[in-house]
Ligand code: SAH
Ligand code: SF4
């Protein structure tokens, strides 16, 4: 998704790496950092009756509200104080770009310590999707990815992840996507960072998003997708512990020789192990796994690799995975570029010929720094996956 490929432009333009950044600074604790069962105790520790936890959760998760003046069920005296301590401001808007006649909005946020992340909100006729970040930067070092080039600044807290979603939902409800109020329906963790390398916060955030209101936002788990470069133990842990969201595996090559270069974590968790874990995820959750495949000219787009990919998927069963090929969004200064359209079409046809569900998407939002298309295309791929069912 654009996300990583494009983050660089907006983030770098705003001066990532400036001396004012403190990577060790941590955000204040927030209600969304706690499991529902822990919230009462935490609020009690702040000198409040435990029942406040439920009231605050209702305002935050069910009403998407953080303004004390609109929380009239809380006693006026001390209201602003307790709201400030349990629902502190975590994200400061730094920049915003629009594309597609206002149907795509990319936001740049400043976080505690001055680190920056991006969120992209996209409107479709039948759904509204937000793509959120889970880390500032990323330590996984995939050489075709702009976020990978930034390195890891720090993990986001659960609440910093949830806040990106809440603010997107508020913006959509207030008509940010072309004027009409829209309801946020889908979340993809495909922005900056490797979600499963920040496991605890990511899992907490996923629960906050999918727990029924008022403990959580009540989004359908099938409409929430976590994307990973293939951290096998973390995939298994999520499969066992939940929540049972959709999984996307960023494969990009079906053979270890090439994947070792494209996704360096492959040296620890090679293709076969990553695909086995993806298959186990399907077995545990019943959710069809997305295989992400960014097509790079002359690198991973050969028909024989499509054949190899189909073979690797088919040998693990049928109907458990679908492939989302997208054209690479070229990163400045990188040696790789997008495949030729006819080569992409050929790759998809080859997969289909072997019985694999695959949809190639055009990019969208190309007028945001020529970038947002990558994100939109990947999200569109998720959509295609949803349309083909679980
Ligand atoms: N770290 C996670 C999630 C964020 S990256 C992961 O790697 O899955 C989201 C998706 O964008 C991944 O599939 C990633 O491989 C892909 N991506 C990164 N840079 C890209 C680029 N320049 N062009 C196309 N896709 C890219
Ligand atoms: Fe980019 Fe790789 Fe990190 Fe994903 S895991 S954000 S592709 S460097």
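The values are calculated or read from the model by the stated rules, or taken from the named source; none is laboratory data. Computed from a predicted model, the values in this text were never measured in an experiment. Note that we place each Cβ from the backbone using ideal geometry, even for glycine, and neighbour counts take in every protein chain shown.
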Leading residue by the ranking (modelled with the highest pLDDT) among those in region 1-22 that are surrounded by 13 or more Cβ atoms within 10 Å (Cβ to Cβ) and either more than 25 Å from the chain's Cα centre (by Cα) or outside any helix (DSSP H, G or I) (or both): 22
Residues of region 120-136 being surrounded by fewer than 24 Cβ atoms within 10 Å (Cβ to Cβ) and within 13 Å of ligand 1 (Cβ to nearest atom), which ones? none
Restricted to region 137-168, and to residues that are within 13 Å of ligand 1 (Cβ to nearest atom) and assigned to a helix (DSSP H, G or I), which residue is surrounded by the most Cβ atoms within 10 Å (Cβ to Cβ)? 161
Which one is farthest from ligand 2 (Cβ to nearest atom) among residues in region 176-200 that are crowded, with 21+ Cβ neighbours inside 10 Å and not in a loop (DSSP other than H, G, I, E, B)? 186
Residue 325 meets each of (1) touching a residue at least 24 places away in the same chain (Cβ under 8 Å); (2) surrounded by fewer than 17 Cβ atoms within 10 Å (Cβ to Cβ); (3) more than 25 Å from residue 139 (Cβ to Cβ) with one exception, condition (2)
Which residue out of 70, 58, 103 is within 24 Å of residue 168 (Cβ to Cβ), modelled with pLDDT under 95 and either in contact with a helix residue (DSSP H, G or I) (Cβ under 9 Å, 6 or more places away or on another chain) or more than 16 Å from ligand 1 (Cβ to nearest atom) (or both)? 103
Check 49, 125, 93 and return the single one that is touching a strand residue (DSSP E or B) at 6+ places or on another chain (Cβ under 9 Å) and either farther than 19 Å from residue 205 by Cβ or part of a helix (DSSP H, G or I) (or both). 93
Which of the helices (runs of 4 or more DSSP H) contained wholly in region 250-332 include at least 3 residues that are at pLDDT 95 or above and away from ligand 2 (no atom under 16 Å from the Cβ)? 271-285, 303-314
